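Peer 1: Dropping a structure here in structure tokens format, bear with me for questions.
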């Protein structure tokens, strides 16, 4: 255990580091949202501040939460999540599952059209499945590889046949794999569809100026009720403090993430309202298991064991996060409080692990972080926690899209990326830990872990699934393939002139029902 003196000294050092990082401001400090978008235009415009530029507007190739913020306006899904966290039909009117769990029959909503005027129907659903399953650049392949065949029964009925029972399917169809894009637009634009997105959602794409904003206009023919505002603009702010300042000045109407240090200012402003709710996700950092230094299990363990998760949450979040050591947050089927419980660093154990790893005097590695102030602060805290063990972390900032690319290519030693979380435990786990899967940036490859993750997918019995995930998490923690640090909160803020907002546990801002005084 850390001595009390060492613990106090470390905490003081961490606080000093965070204050220094906050004072530096980070990238984007000079950004503003310009003039108030509604003023003098006669339009009712809602401007939403995003923490990063969306890397892609094509759900088939997307891996970023910031993408999904925009998708909530552009695309409808086959299924969605309601405010209670329950999965409910969206573009599906009803569905049936065969007794053997291998055939799903979906009845589709009628009269729905894509933004380009083409019909949403069973052929469109089949097209989307096949694109996600077979597309060269698709990131949805592993989610849907259990699908054997998709058949058009009639114009508004589609049948999905599976190779084997697959418990997470409906949850997966409530996310990117269930987002319906226009087949005609895909055929027209090909690989450039990401710059010409066409869905069935409440808003229609206008433009994406990289690094600055995405603008959408109202879908006057929206199938799911009247859309109240004329335009939604997503404005990019990598500096959280600047984003809050623009919210307070009225230049922004909603922001996607509030820095914890700005929460008192939000709460103290009579014109603003704060939404602070636990998320379904996790945050931490990848260690590249396939290359030095982290192809060495003992060095991975030394880093994983050296993180004081409770101190991270205290220093950075003032209680607006939950320290954790697993991919499953409270409320998830696979959540286990004992397995998720943070463990205080033991200096003797960490020294032994370094010695076993052949680095008794410590070692160095580079960690990539995003350019936001919050990510810089996180990196600085991790850097200071590892320093007492002569584990030296070199931090390098990258734009968010570059960070994603580094992860995709395995071109890193350590990489700070988390996950926003999903309803089914499979979606927080499988694609991140199974050998060769799309989000396994850490190149984790453990046969027993693969076996358990695959088995949990096909097991319908919830108690048995839970046992499999518990065993899998124990293996993942022992191997230290990824360093889980905390479960983030969804921290949103908005002007009180905004009405019609409903919080949903996925943390996405749904604009279909929003209005503005």
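The values are calculated or read from the model by the stated rules, or taken from the named source; none is laboratory data. Everything numeric in this text was worked out from a predicted model, so none of it was measured. Quick reminder, even Gly has a Cβ in these numbers, built from the backbone with ideal geometry, and neighbours come from all protein chains shown.
Peer 1: If you check residue 174 against the conditions, is it in contact with a helix residue (DSSP H, G or I) (Cβ under 8 Å, 6 or more places away or on another chain), touching a residue at least 40 places away in the same chain (Cβ under 8 Å), on the phi < 0 side of the Ramachandran plot and assigned by TED's automatic domain parsing to the domain that holds residue 87?
Peer 2: Numbers: in contact with a helix residue (DSSP H, G or I) (Cβ under 8 Å, 6 or more places away or on another chain): no; touching a residue at least 40 places away in the same chain (Cβ under 8 Å): yes; on the phi < 0 side of the Ramachandran plot: yes; assigned by TED's automatic domain parsing to the domain that holds residue 87: yes.
In short, no.
Peer 1: Can you name every one of the helices (runs of 4 or more DSSP H) wholly within the stretch 342-426 that holds 2 or more residues which are farther than 30 Å from residue 137 by Cα?
Peer 2: 347-356, 373-386
Peer 1: While we're on this one: Kindly provide the set of residues from the stretch 215-250 that are in contact (Cβ under 8 Å) with a residue 60 or more places away in the chain, more than 30 Å from residue 110 (Cβ to Cβ) and not in a loop (DSSP other than H, G, I, E, B), ordered by number.
Peer 2: 233, 234, 235, 236, 240, 241, 242, 243, 244, 246, 247
Peer 1: Just to be sure I understand the filter: pairs with C-beta atoms under 9 Å, separated by 6 or more residues or on different chains, first member in the stretch 137-161 and in contact (Cβ under 8 Å) with a residue 24 or more places away in the chain, second member in a loop (DSSP other than H, G, I, E, B) and exposed (fewer than 13 other Cβ atoms within 10 Å of the Cβ). Which pairs pass?
Peer 2: Hits for this filter: 142/436; 146/163; 146/164; 155/110; 156/110.
Peer 1: Quick one: which helices (runs of 4 or more DSSP H) sit completely within the stretch 104-198 and have at least 1 residues that are more than 28 Å from the chain's Cα centre (by Cα) and surrounded by fewer than 20 Cβ atoms within 10 Å (Cβ to Cβ)?
Peer 2: 122-134, 183-189
Peer 1: Here's another thing I want to ask about it. State the number of residues belonging to the stretch 338-365 that are on the phi > 0 side of the Ramachandran plot and free of Cβ contacts under 8 Å to residues at least 60 places away in the same chain.
Peer 2: 1
Peer 1: Identify the residue in the stretch 447-458 that is buried (at least 17 other Cβ atoms within 10 Å of the Cβ) and touching a helix residue (DSSP H, G or I) at 6+ places or on another chain (Cβ under 6 Å) and, among all such residues, is nearest to residue 102 (Cα to Cα).
Peer 2: Ranking the candidates gives 457 first.
Peer 1: Could you list, in sequence order, all residues of the stretch 87-102 that are assigned to a loop (DSSP other than H, G, I, E, B) and surrounded by 15 or more Cβ atoms within 10 Å (Cβ to Cβ)? Break it down into steps so the answer makes sense when it comes.
Peer 2: First, the residues of the stretch 87-102 that are assigned to a loop (DSSP other than H, G, I, E, B): 90-91, 98-102.
Across the stretch 87-102, the qualifying residues are 90, 91, 101, 102.
Peer 1: Looking at the structure I just gave you, is residue 474 more than 24 Å from residue 177 (Cα to Cα), in contact (Cβ under 8 Å) with a residue 24 or more places away in the chain and part of a helix (DSSP H, G or I)?
Peer 2: yes
Peer 1: Check whether at least one residue in the stretch 205-214 is surrounded by fewer than 18 Cβ atoms within 10 Å (Cβ to Cβ), more than 21 Å from residue 71 (Cβ to Cβ), under 23 Å from the mean Cα position of the chain (by Cα) and modelled with pLDDT of 95 or more, and report yes or no.
Peer 2: In the first step, residues of the stretch 205-214 are kept if they are surrounded by fewer than 18 Cβ atoms within 10 Å (Cβ to Cβ); the result is 206-207, 209-212.
Remaining after also requiring more than 21 Å from residue 71 (Cβ to Cβ): none.
No: the stretch 205-214 contains no residue that is surrounded by fewer than 18 Cβ atoms within 10 Å (Cβ to Cβ), more than 21 Å from residue 71 (Cβ to Cβ), under 23 Å from the mean Cα position of the chain (by Cα) and modelled with pLDDT of 95 or more.
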